[in-house]
Amino acid sequence: MSLPKSPFAPSSSLPGAGEIVLSLLPPGRQHLPTFSYQYPLKLIAPKPHTAQDDKHVTVAFLLTYGGGLVGGDQVNLKIELQDATRLCLLTQGSTKIFKSVERSVVSKQTLDVKVGAGAALSYLPDPTQPFAESIYEQKQTFYVEPDGSSNLLVLDWVSEGRRAHGESWNLWSWKGRNEVREYDELSKGRLLLRDAVMLHDKDISGTTLVANSNDMGAFGTLIVYGPMFKHLAEFITQELAAQPRIGAKNWSTDDAISQSSPSTQAELSRQAAHEAGLLWTAAKVRGFVLVKFGAKDLDGARRWLGTLLKQEGSVERVFGHQALLCLR
């Protein structure tokens, strides 16, 4: 006996595909006319909240079943922020990259985001956590308005793996690429920024990634762009200017810190960086501030970055305290 036919129309979505469209309805209420996903991707959107500047903010959690990607899983998420909207994109924990059965089996994640005029995106996820013998590729593309009115705050970071299990950069391969382009309906758009990171278990000389990591347990990139984050960009560059240079005398020694109390916000940030064994730099590129950092362990990087963003205050003011969930 044959099974009865399903009364539901067959899904046209591919596995791992998702789409978010965020629009603004009068008198300033945010609305999600499109919010869809397919396994292994899962999306959750709590009720919008009001930020400190009395503007509505929509929060969306980007999840995967099982907390990560099994070898061969692919996630493709498209997001459109229409004019004057605000989206806070988060995760509920690190994205685990599970072991691949062989080097030809790759887990992939693709994110395409269009940020409209006056719109703002805060994407501060928890880090990816590649397990031993895992292979992962990630490409994130952000399209902004040519007039410079779009706003972006994007964090992309990766940890060494499961330290409690004795793993430290035992992955096979991890590749990540972030691009920001001007939106153009007729083309890919002018490239404004490209940042790429490639990690392999061995380099061409045969040296292992563990040996090349300089005892760092986490690496990351922070992208800051747009008028809403102008003060944050300036704050970061001023903080960098106040740091001791590599090779110069380090005035933030243990003795110096123990003899002085952190009486200013800047001192708190510098103390957090010192305690984390953190190295970082920042550069201004075509209206962006690009921050690169490495830390001895993930918790240290989390404390430093959380201290930095909380001190300056723009993120909580524009998106609310939920935006810093991954840094608690």
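Throughout, read-outs are computed from the coordinates displayed, never taken from laboratory work. Since the model is a prediction, treat every value here as computed from it, not as a measurement. Cβ: placed from backbone, ideal geometry, glycine included. Neighbour counts: every protein chain shown.
Mean residue ellipticity at 222 nm from the helices of the chain, using -39,500 (n - 2.57) per DSSP H segment of n ≥ 4 over the full residue count, to the nearest 500 deg cm²/dmol?
Computed ellipticity for the chain at 222 nm equals -5000 deg cm²/dmol.
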Answer rounded, prolate or oblate for the stretch 81-184, using the Cα gyration tensor with square roots of eigenvalues a ≥ b ≥ c: rounded when a/c is under 1.5, else prolate when a/b is larger than b/c, else oblate.
-> prolate
Dipole moment magnitude, nearest 20 debye, the stretch 17-327 about Cα centre, only Lys, Arg, Asp, Glu C-beta charged | 200
Cleavage-rule hits, GluC sites (Glu not before Pro), the stretch 155-190, DSSP coil, Cβ neighbours within 10 Å at most 10 | Glu185
Once you have the Cα-Cα distance between Thr34 and Asn214, take 0.36 nm times their residue separation minus that, and quote the gain in nm to one decimal.
-> 60.3 nm
Pairs to check: Lys175/Lys310; Lys99/Lys296; Lys108/Lys292; Lys47/Lys139; Lys99/Lys175. Give those whose C-alpha atoms are more than 20 Å from each other in this structure.
-> Lys175/Lys310; Lys99/Lys296; Lys108/Lys292; Lys47/Lys139
What percent do you get for the relative contact order of the chain when only Cα pairs under 8 Å and 6+ apart count?
-> 14
Can you work out the FRET efficiency for the pair Ala45 and Leu14, with r the C-beta to C-beta distance and R0 = 25 Å, to the nearest 0.05?
-> 0.75
Within a Cβ distance under 15 Å of His49, other residues only, what is the Lys/Arg minus Asp/Glu net charge?
-> +2
Please work out the FRET efficiency for the pair Asp147 and Val105, using the Cβ-Cβ distance as r and a Förster radius of 45 Å; give the result to the nearest 0.05.
-> 0.55
In Å³ and rounded to a whole number, note down the convex hull volume per residue for the Cα atoms of the stretch 17-327.
-> 148
Sorted peptide list for 78-85, 27-34, 14-21, criterion being average Cβ within 10 angstrom, highest first = 78-85, 14-21, 27-34
Which length gain, in nm to one decimal place, applies between Ala242 and Arg163 when the Cα-Cα distance is subtracted from 0.36 nm times their residue separation?
-> 25.2 nm
Given the peptides 99-110, 307-318, 195-206, 135-146, arrange them by the average over their residues of other C-beta atoms within 10 Å, most packed first.
-> 135-146, 307-318, 99-110, 195-206
